[in-house]
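Notes for the one structure printed next.
The values are calculated or read from the model by the stated rules, or taken from the named source; none is laboratory data. Given the structure is predicted, the values throughout are model-derived calculations rather than measurements. Reconstructed Cβ throughout: ideal geometry from the backbone, glycine too, with neighbour counts over all protein chains shown. When the accessible area is computed, the model is the full protein with side chains, heavy atoms only, and any ligands, DNA or RNA have been set aside. Shrake-Rupley method; radii C 1.70, N 1.55, O 1.52, S 1.80 Å.
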Amino acid sequence: MKQTALAVERDAEHGREVLLLVTLEADVDAPRAPVAVNLVLDRSASMRGIPLLAAVQAAQALVERASPRDYLGLLTFDAEPEQVLPVRAMDAPAKAALLKALSRLESGEGTALHEAVERGADAVRRVLVPGARPQVLMLTDGEPSVGVSNLAEFKTLGARVVESGVVLHALGLGRHYLPDILEALTSPSGTGFVHVDDPEGLPDAVGSLSAELFGEVGSDARVYVLPSGFLELRCRHRYPARVEGDAMSASLGAVSQSFPRRVLFAGRPVSTEWSLGVTTSFVEGSDTRRGPVSVTRVDTDSDPGRFVRAVSAELELVAAEAAAWKSLGRKQQSAAEQALESADLALYKLARLGAPEVPPQRHLERLADLRRIVERRAAQPQALVMRRAHSEASRITLSRIGPALPLPALAPWKSED
């Protein structure tokens, strides 16, 4: 297991700040564990069309990747969940049956997401596959309309499923998906979720999911940070984190081939004499491995320093984008505009840093779509455009993204015109 810890000290809005990025990455030749996954696929009315097609194609690609030692099942849901095929070994007949079932799916009415997750987790938990952890992969836009819809209850469900021994993953589909619910479900597992706007983004998303599901070499990965000379320390990623004595720990879940786990911490030093002690642990096979990781201090403008700062900027972008969608849902127009400007500024930072590991391209279409909706809902659209034209933070177009990133790699913002 390759493990690194990079620390950058920089000037931030509230004074000096230290960013610590810890990465765990599996060796390429490490043996992988077998897989036991129940595919929970949303076929509700809100998935009709391209989202359902993308969900089916993603599931088919994962089924094709499975070997006879892997176990997959299929649960579909609209207003009612149905375990179409049980979780079973993917020999040739079982794989053919699963692919056929996926090809015949049609959309229905209603979205019983909460019940579907419960049933999907219960079904895979009842199958013992030596060496494999039971897992659920949700393919959905995360928009419940039948049964439980309260965010707090989804958080409780996510925690309860993990406590039962099942790990949750999610593929969010469509541009109007609800990230809060998917995050609430997957955060206790330490997995997070992958998002796809349209079929063009499907290969990358399926590649990430495939690497995560079919390349697991370590589970229950945890990072422990012991700060010295700090006023405070926060975990920036939304992994489950907690204080343990004088240290902070974050649970990252599984580590898979070609799918590094990263977690970013941010702290406020009280003097120039600060230090960070980092220890990691993970389960490999039946053994728990734990050891220290040396922390490398890097310059802010070095390639590693720009990489750490790019990870921070992307987290700012995603948080601002989620806040904008939440404000739109609550009909808080002014808050949505402010959050969009924050997302624009974070994208500008990300593009200027030009870190190849954190490409800004994957955010362009989604933010352009969000911008159009915010401007449509403005009470006085022309006044909003003028306000944005006079805001330095919001005048972020690709013509302003400087030479740190090659311009041909980026498509122009889409507009109503």
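Overview of results
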| read-out | value |
| --- | --- |
| Enumeration of residues in segment 259-317 that are open to solvent by less than 10 Å² (accessible area, probe 1.4 Å), in a strand (DSSP E or B) and either at pLDDT 95 or above or farther than 24 Å from D29 by Cα (or both) | L264, F265, A266, G267, V278, T280 |
| Only one of S228, S256 that is surrounded by fewer than 19 Cβ atoms within 10 Å (Cβ to Cβ), small (G, A, S) and either out of contact with any Ser or Thr (no Cβ under 8 Å at 6 or more places or on another chain) or farther than 17 Å from G190 by Cβ (or both) | S228 |
| Residue, nearest to V127 (Cα to Cα), within segment 30-42, restricted to residues that are surrounded by fewer than 22 Cβ atoms within 10 Å (Cβ to Cβ) and in contact with a Gly (Cβ under 7 Å, 6 or more places away or on another chain) | P34 |
| Breaking point among (1) touching a residue at least 60 places away in the same chain (Cβ under 8 Å); (2) surrounded by fewer than 22 Cβ atoms within 10 Å (Cβ to Cβ), for Y71 | (2) |
| Of residues in segment 231-252 being acidic (D, E) and without any contact (Cβ under 8 Å) to a residue 24 or more places away in the chain, the one most open to solvent (accessible area, probe 1.4 Å) | D246 |
| Residue within segment 44-64 that is more than 25 Å from the chain's Cα centre (by Cα) and either open to solvent by 10 Å² or more (accessible area, probe 1.4 Å) or modelled with pLDDT under 95 (or both) present | no |
| Residues within segment 307-351 that are in contact with a strand residue (DSSP E or B) (Cβ under 9 Å, 6 or more places away or on another chain) and among the basic types (K, R), tallied | 1 |
